[in-house]
1. Please verify whether Ser337 is loosely packed, with under 14 Cβ neighbours inside 10 Å, more than 16 Å from Ile230 (Cα to Cα), modelled with pLDDT of 85 or more and among the small types (Gly, Ala, Ser), treating the condition exactly as stated.
2. His354 is checked against (1) crowded, with 21+ Cβ neighbours inside 10 Å; (2) out of contact with any strand residue (DSSP E or B) (no Cβ under 7 Å at 6 or more places or on another chain); (3) not in a loop (DSSP other than H, G, I, E, B) and fails just one. What number does that condition carry?
3. Assess whether Trp355 counts as being more than 17 Å from Arg433 (Cβ to Cβ), under 23 Å from the mean Cα position of the chain (by Cα) and either modelled with pLDDT under 95 or not assigned by TED's automatic domain parsing to the domain that holds Ala240 (or both).
4. Can you pull out the residues in region 381-395 that are assigned to a loop (DSSP other than H, G, I, E, B) and either of a type in the set (Phe, Trp, Tyr) or under 19 Å from the mean Cα position of the chain (by Cα) (or both)?
5. Kindly establish whether Tyr492 is buried (at least 20 other Cβ atoms within 10 Å of the Cβ), at pLDDT 90 or above and among the hydroxyl-bearing types (Ser, Thr, Tyr).
6. Output the residues belonging to region 396-448 that are in a loop (DSSP other than H, G, I, E, B), in contact with a Phe, Trp or Tyr (Cβ under 9 Å, 6 or more places away or on another chain) and among the small types (Gly, Ala, Ser).
7. Checking Pro328 against (1) within 20 Å of Val412 (Cα to Cα); (2) touching a helix residue (DSSP H, G or I) at 6+ places or on another chain (Cβ under 7 Å), which test does it fail?
Amino acid sequence: MRRPATATLAALALAATSPAWALGLSVAQRTPHAVTVRIIDTQSSRQSDELFRVTYDDGRHRFVWENLQPDPTGLLWLKDDRHLRPEYRLRCEPRTHIADPVVFDDLHKGAVAGKKRYPFGVPVSTFGGPGYLVPGLSDLKQDDFGNLWLYLDHAPHAILKYSPDLAYRFALLLPEAPVAHDLDADGNLYVLHPGNWVSKHGPLGEQLGAWELPRGRESGEFIAASGMAIDRDGGWIYLADEKLGRVQRFDLALNHDPLPVTVWGWLGRADLAYTRPGKYAERLTYYQLDRPRQVLLDGKGHLFVSCEHWISKFDLATGRQLPFGPNPVLGWGGTFSDSPFSSSAALDGHWQRHWLAGVDGAGNIYVADRKNEFVVNPRLQVFDADGVVVRCCHIEDTVVDASGERVYIVAVKGLASDGESLSLVDAAGRIYRTPRGEGLRSGGQLFLGPGAAGRQFDLSRVEEAHFQVEVQASYAKRRSEGRVLGPKPGEYGTDNCELEGSSRLRHRERSLWAPARIGEPFRVSLFDREGQVMPPGDYLVEVEDRPGLFGTQYDFFRVTNRSGQTWQGVTFVAESLR
């Protein structure tokens with residue numbers, strides 16, 4: 001068996017259906033997330049197993065629900081679930097009021113010269129792209145007004161703003177994955193882009209300025225800007241350079257304003273040489289930085305710099321490097337007595353590649369796995385101010401919100417802290433805010449912001465006159481295709497079918513959850529890179545067959561390689577079943 005040559009990856013095909021006759025419909029109940037309607041039927045010869053299609057179209061919004069069966073009283077429940085055709089999920093409406101959702105389509109209209117303009121402006125969901133719950137690496141910031149600014153690392157790249165009560169505000173589309181973003185005291189957004197340039201946007205997303213950072217090795221110049229943090233009290237921007245191994249200070253107009261302390265090791269290594277992996281020699285590398293990628297301010301006068309294999313801490317007032325308890329820097333195990341590329345990297349308190357995710361009001365430091373070949377589930381580790389690991393979280397941990405619903409904690413690039421509570425994105429694409437108090441714990445609130453039904457179109461606003469209901473001539477089957485594992489498109493996990501940055505799946509390994517997007521019970525067939533069907537005994541398929549991690553039924557599956565060989569270029573075809 002060979003797949004048709006015309007099949008394309010990630011395509012979605014719907015079986016042909018034709019309406020039988022139009023019926024009446026009345027709205028029985030409206031909520032922001034679902035609408036209950038009643039079929040008005042003058043026919044008395046209906047079959048109990050008939051299926052219905054409902055269409056809502058008011059000229060700006062179009063939704064289609066299929067394969068519906070009413071209850072004995074004729075009621076249908078319409079929501080964004082397995083009945084809704086995926087291509088109609090969560091369309092963004094035009095912006096007519098200052099509080100309406102909006103998409104900003106071009107970051108290059110302003111003061112940056114010589115940049116290519118990009119044809120953006122396509123509708124996006126609250127998740128930053130058309131679709132549903134598609135978890136991705138997250139970076140979350142909170143401004144001084146309580147608003148949350150969320151970046152999810154997948155295309156199309158966007159930073160999304162939510163109000164303090166997690167109401168969606170707007171999405172700022174970006175031409176490329178941003179390097180970093182942060183907020184000033186007035187709630188303005190600064191974005192550090194690839195290619196050493198910074199853009200500034202107002203609280204409503206309007207562009208306020210853009211700067212290209214000068215290239216070079218002298219003071220105030222950059223080779224590869226790699227991290228950014230804003231001191232909201234002092235009005236400073238700190239920018240890291242991965243190649244030059246240093247962090248420099250600028251004012252909010254991006255004028256270079258070096259610190260008066262010249263002894264500070266932020267000048268980096270003059271020879272641009274990197275330290276040996278897994279090595280920290282205090283006599284040689286004290287005050288020096290090794291490939292800094294992230295900078296973070298804790299609001300208490302301290303700057304944290306995330307280097308290749310460790311985290312350094314500095315006092316902004318004196319320029320002194322501060323220790324973590326008995327250790328000069330925060331590194332795996334605290335002692336550097338083993339290699340980050342040995343199996344010990346899987347131990348609590350250790351890592352291989354990491355993200356400095358955040359610091360909470362109690363001084364606890366959150367470090368996430370960026371890449372670790374020795375752990376199955378990427379972790380979010382918590383260290384106290386002395387560098388002692390106090391907790392290690394991953395997706396299997398039982399964390400629940402105040403109502404008892406599971407929260408799935410995974411590695412994050414950044415989390416937000418207002419000094420009393422934490423906010424972070426879980427694996428289901430939801431924002432979890434912890435209860436006020438110390439640390440990451442159960443009992444908080446879940447906000448279904450990314451991908452949640454009703455966030456961009458409030459279903460309680462539907463008008464009865466814009467509904468149409470009809471009988472389906474046949475069951476609408478769907479088909480979805482894609483890769484079991486995709487090639488690595490960026491620094492980290494932007495393909496949700498990716499496994500640790502590899503396009504290969506070895507024997508006994510299983511893929512991450514892959515989206516099928518067909519919303520019904522389905523079967524999966526696998527094909528090798530030559531397009532030949534693979535024997536069913538070569539793999540095991542696990543289907544998300546109940547509401548759980550990804551919040552919906554039959555939308556995700558994963559496969560385990562049982563062939564005895566390493567896979568590469570393996571694709572799938574998922575088809576819905578009746």
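1. It is false that Ser337 is loosely packed, with under 14 Cβ neighbours inside 10 Å, more than 16 Å from Ile230 (Cα to Cα), modelled with pLDDT of 85 or more and among the small types (Gly, Ala, Ser).
2. (2)
3. Numbers: more than 17 Å from Arg433 (Cβ to Cβ): yes; under 23 Å from the mean Cα position of the chain (by Cα): yes; either modelled with pLDDT under 95 or not assigned by TED's automatic domain parsing to the domain that holds Ala240 (or both): yes.
Here the answer is yes, as Trp355 does meet what is asked.
4. Passing the criteria: His394, Ile395.
5. So Tyr492 fails the test.
6. Across region 396-448, the qualifying residues are Ala411, Ala427, Ala428, Gly429, Gly444.
7. All conditions are met except number (1).
Table: residues versus (1) surrounded by fewer than 18 Cβ atoms within 10 Å (Cβ to Cβ); (2) of a type in the set (Ser, Thr, Tyr); (3) at pLDDT 85 or above; (4) part of a loop (DSSP other than H, G, I, E, B).
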position: Ala453; (1), (2), (3), (4): no, no, no, yes
position: Ser460; (1), (2), (3), (4): yes, yes, no, no
position: Ala465; (1), (2), (3), (4): yes, no, yes, no
position: Ser480; (1), (2), (3), (4): no, yes, no, no
position: Asn496; (1), (2), (3), (4): yes, no, no, yes
position: Gly519; (1), (2), (3), (4): no, no, no, yes
position: Ser525; (1), (2), (3), (4): yes, yes, yes, no
position: Gly537; (1), (2), (3), (4): yes, no, yes, no
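The values are calculated or read from the model by the stated rules, or taken from the named source; none is laboratory data. This structure is a prediction, so every number in the text was calculated from the model and none was measured. Note that each Cβ is placed from the backbone with ideal geometry, even for glycine, and that neighbours are counted across all protein chains shown.
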